[in-house]
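Student: Just passing along the structure, written as structure tokens.
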């Protein structure tokens, strides 16, 4: 609610005071305008809040990737969901999210796809989920995007958690989509 009030206040000032605002002046003139109208504090608070949230999202993504990298070499195990027993693909993703950010994702790759936000491949950010059709059915495999066109996952029996390039022909042909995990409060619009 507070976020919307700040935005509405800013838009109101822009609409009502447009002719009173500095035309193409310096930052000092804008600060004076905002101060004269009692808005400088709100403006600085809103800028600070946006910067904190952006930093928090970047930290979360970084923490997810760093935590996931700590499991490189853990063996694949069908139905596995821990480093001690091994991981299957969705068990790996679920464990990383639960340990790093405290979110409990559904157990299967298909359910994880159904319960996350669809994003375009070009919008992928570290920590997002990438899905593949590896068993002749949609969303049969999942991994965590780490950046630079690469993802980390627990691939198959006899293999270990590893990083792979999404540009490899095998993964390009089987790419099923990208998803972003949204915290429950953010998903429902609550702050």
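The values are calculated or read from the model by the stated rules, or taken from the named source; none is laboratory data. Here the structure is a predicted model, which means the values were calculated and not measured. Quick reminder, even Gly has a Cβ in these numbers, built from the backbone with ideal geometry, and neighbours come from all protein chains shown.
Student: State the number of residues belonging to the range 68-79 that are in a loop (DSSP other than H, G, I, E, B), in contact (Cβ under 8 Å) with a residue 60 or more places away in the chain and either closer than 16 Å to residue 179 by Cβ or under 22 Å from the mean Cα position of the chain (by Cα) (or both).
Tutor: Going through the range 68-79 one residue at a time, the tally reaches 2.
Student: Taking the options 138, 159, 58, name whichever one is at pLDDT below 95, touching a strand residue (DSSP E or B) at 6+ places or on another chain (Cβ under 6 Å) and surrounded by fewer than 20 Cβ atoms within 10 Å (Cβ to Cβ).
Tutor: 138
Student: Further question on the same structure: All but one of (1) at pLDDT 95 or above; (2) under 18 Å from residue 182 (Cβ atoms); (3) assigned to a loop (DSSP other than H, G, I, E, B) hold for residue 107; state the number of the condition that does not hold.
Tutor: For residue 107, the exception is condition (2).
Student: Give the range 145-178 a look and list any residue that's without any contact (Cβ under 8 Å) to a residue 12 or more places away in the chain and either within 20 Å of residue 115 (Cα to Cα) or within 23 Å of the chain's Cα centre (by Cα) (or both), or say none.
Tutor: Within the range 145-178, 148, 172 meet the criteria.
Student: State all residues of the range 80-103 that are assigned to a loop (DSSP other than H, G, I, E, B) and either out of contact with any helix residue (DSSP H, G or I) (no Cβ under 7 Å at 6 or more places or on another chain) or at pLDDT below 95 (or both); if no residue qualifies, say none.
Tutor: If the condition is that a residue be assigned to a loop (DSSP other than H, G, I, E, B) and either out of contact with any helix residue (DSSP H, G or I) (no Cβ under 7 Å at 6 or more places or on another chain) or at pLDDT below 95 (or both), then 83, 84, 85, 88, 102, 103 are the ones that fit.
Student: Same structure, new question: Is it fair to say residue 38 is in a loop (DSSP other than H, G, I, E, B), on the phi > 0 side of the Ramachandran plot, modelled with pLDDT of 95 or more and exposed (fewer than 15 other Cβ atoms within 10 Å of the Cβ)?
Tutor: Working: in a loop (DSSP other than H, G, I, E, B): yes; on the phi > 0 side of the Ramachandran plot: yes; modelled with pLDDT of 95 or more: no; exposed (fewer than 15 other Cβ atoms within 10 Å of the Cβ): yes.
For residue 38, the condition - in a loop (DSSP other than H, G, I, E, B), on the phi > 0 side of the Ramachandran plot, modelled with pLDDT of 95 or more and exposed (fewer than 15 other Cβ atoms within 10 Å of the Cβ) - is not met.
Student: Taking the range 165-185 on its own, how many of its residues are at pLDDT below 85 and either closer than 16 Å to residue 145 by Cα or surrounded by 11 or more Cβ atoms within 10 Å (Cβ to Cβ) (or both)?
Tutor: Total satisfying the criteria: 1.
Student: Please indicate, with yes or no, whether at least one residue in the range 126-135 is farther than 15 Å from residue 156 by Cα, free of Cβ contacts under 8 Å to residues at least 24 places away in the same chain and either part of a strand (DSSP E or B) or within 15 Å of the chain's Cα centre (by Cα) (or both).
Tutor: Looking through the range 126-135, none of the residues is farther than 15 Å from residue 156 by Cα, free of Cβ contacts under 8 Å to residues at least 24 places away in the same chain and either part of a strand (DSSP E or B) or within 15 Å of the chain's Cα centre (by Cα) (or both).
Student: One residue is enough: does the range 113-121 have a residue meeting the conditions touching a helix residue (DSSP H, G or I) at 6+ places or on another chain (Cβ under 8 Å) and part of a strand (DSSP E or B)?
Tutor: yes
Student: Right, here's the next one. What about residue 114, is it surrounded by 15 or more Cβ atoms within 10 Å (Cβ to Cβ) and free of Cβ contacts under 8 Å to residues at least 60 places away in the same chain?
Tutor: So residue 114 fails the test.
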